[in-house]
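Here the structure comes first, spelled out in structure tokens, and everything after it is commentary.
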Amino acid sequence: MVKKLFSKINDFGRAFTPSKFAGIIKMTFTSELSLAQASKKAKEVKILVNANFNRSIGHSDQAVVLKEIPVGTSVEAVHIALSEFRSIKSIKMQLVELWQKAVVEFD
């Protein structure tokens, strides 16, 4: 249902269900216009919208979550790879099964 409703919106990234939060579908969009269109469509079909969800789970609008990073990749390697794009405020890495996950917050 979600894919059918939102995939026709330009700049629709993806939709997934965070395992820590039952009953929540998190969607990503690459522009403010597409986010506004999705919010309008969600309200039309009576889906509750929380545009501040990232902040409520500890990620800011200036954060990127990287998944499936090979084990053994250092924080320094992630920092070097991403610092060419913007100044990095913090990097938090954790082991998830056979991979690592990093939350990179930019200034």
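Coordinate-derived values only; no laboratory data. In this text the structure is predicted, and so the values were computed from the model without any measurement. Here Cβ is always computed from backbone atoms with ideal geometry, including for glycine, and neighbour counts include all displayed protein chains.
Got a sec to turn the phi values of the stretch 72-79 into Karplus ³J(HN,Hα) couplings, 6.51 cos²θ - 1.76 cosθ + 1.60 with θ = phi - 60°, whole Hz, x for Gly and Pro?
x, 6, 8, 4, 4, 5, 5, 4
Points 7 angstrom from Cα along the Cβ direction at E105 and K4: gap in nanometres?
Calculated label separation equals 4.0 nm.
Skipping prolines and chain starts, which residues have an amide H placed within reach, meaning under 5 Å, of the one on I88, given they are 5 or more residues away or on another chain?
Long-range HN contacts for I88: D107.
Using a cut-off of 12 Å between beta-carbons, work out the net charge of the residues near K92 (Lys and Arg +1, Asp and Glu -1, K92 not included).
Surrounding charge for K92 is +1.
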